[in-house]
Amino acid sequence: MILYPAIDIRDGRAVRLVQGDYERETAFDDDPSEAARRWVDQGARALHVVDLDGAREGAPLNIQRVEEICEAVDVEVQVGGGLRQAEDVEAVLAVGARRAILGTAALSDPALVEVLAAEHGERIMVAVDARSGAVAVEGWQRATEVGAEDVIADLGRRGVGRFAFTPVEVDGTLAGPAIDSLRVAADAAAAASATLVYSGGVGSLEHLAELAALGLSALEGVIVGRALYEGRFTVAEGAAALAGG
């Protein structure tokens, strides 16, 4: 199982939000590529990058920062935030991202996601962010009545093979993962023969060990943000916890 350090970009800086609230932001690095180098130096095998400005505005606004990250490190980088048009996906892939992550478009234009998945294969990933089980879109600002498992099932049928799942109510809290929500999402991914990366609430090595011990066949990685930035554990320690070490 892979540990993905998170780099969320807002106004050009690496920040973290609490429960998806843009008013509850903590800035950690003025230069996100410095965070990328730090996590890779600690042993990261991949990075998870989100353009928060893009997620809220509907188009990527930090492409230059994404390119700088991709140039700074020699690991796979998956990038999301505001990717709602084919040309935006192409732009992110062109600057070095291994994968482009679509979120809002998964609900607003599933046919586009299907086309992109057919064209780019495993380089297309879908982020499913949910509050109380229902998907939230547009930078977590707009709630829907669609269940996370329903989105995963539908897009799995359309050819998407990779998903990222975040229960927004625990994101950034360090209070522990939302295990019940994860089980539902992971079961839907497994039924679609897809893989899932989990994000939200991880604040300790014990939380990572708990996730690893679930034995969910679809769960291939965990995204960690605030706990790494606050030094609660290193990337290497987190990776060892996920590996059962």
Accessible area per residue in Å² at 1.4 Å probe, computed on segment 19-162:
44 Å²
What value does segment 68-108 have for Rg/Rh, both radii from Cα atoms and Rh as Kirkwood defines it?
1.01
Length gain on complete extension for the stretch Ile2 to Asp150, per 0.36 nm per residue less the alpha carbon to alpha carbon distance?
50.8 nm
Per-residue HN-Hα couplings for segment 183-197 [Karplus 6.51, -1.76, 1.60; θ = phi - 60°; Hz; x = Gly/Pro]
4, 4, 5, 5, 5, 5, 5, 4, 5, 8, 6, 10, 10, 9, 10
The Cα extents of segment 51-131 along the principal axes, largest first and rounded to whole Å, are 33, 26, 24
Once you place label points 7 Å from the Cα toward the Cβ at Asp30 and Val115, how far apart are they in nm?
4.3 nm
Taking a ≥ b ≥ c as the square roots of the Cα gyration tensor eigenvalues, with a/c under 1.5 meaning rounded and otherwise prolate when a/b beats b/c, else oblate, which class fits segment 24-98?
oblate
Alpha-carbon centroids, segment 65-133 and segment 168-211: separation in whole Å
20 Å
Segment Ala191-Ala175, length gained on full extension (0.36 nm per residue, minus Cα span):
2.9 nm
Percent of accessible area on segment 129-245 owned by carbon and sulfur, 1.4 Å probe?
47 percent
Sites Val75 and Ser132, calculated FRET efficiency, Cβ-Cβ separation with R0 30 Å, nearest 0.05
0.30
At 0.36 nm per residue, and after removing the present C-alpha to C-alpha distance, how many nm does the segment from Glu230 to Ser217 gain when stretched out fully?
1.7 nm
In whole angstrom, how long is each semi-axis of the equivalent ellipsoid of the chain, when you take the square root of 5 times every eigenvalue of its Cα gyration tensor and sort them from largest down?
23, 21, 17
Per q in 0.12, 0.15, 0.21 Å⁻¹, report the Debye log10 I(q)/I(0) for segment 145-228, using one uniform scatterer on each alpha carbon and no solvent.
-0.32, -0.49, -0.91
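The values are calculated or read from the model by the stated rules, or taken from the named source; none is laboratory data. The model shown is predicted, which means the values in this text are computed figures rather than measured ones. Every residue, glycine as well, gets a Cβ built from its backbone with ideal geometry; the counts of neighbours run over all protein chains shown. Only protein heavy atoms, including side chains, enter the accessible area calculation; ligands, DNA and RNA are left aside. Shrake-Rupley method; radii C 1.70, N 1.55, O 1.52, S 1.80 Å.
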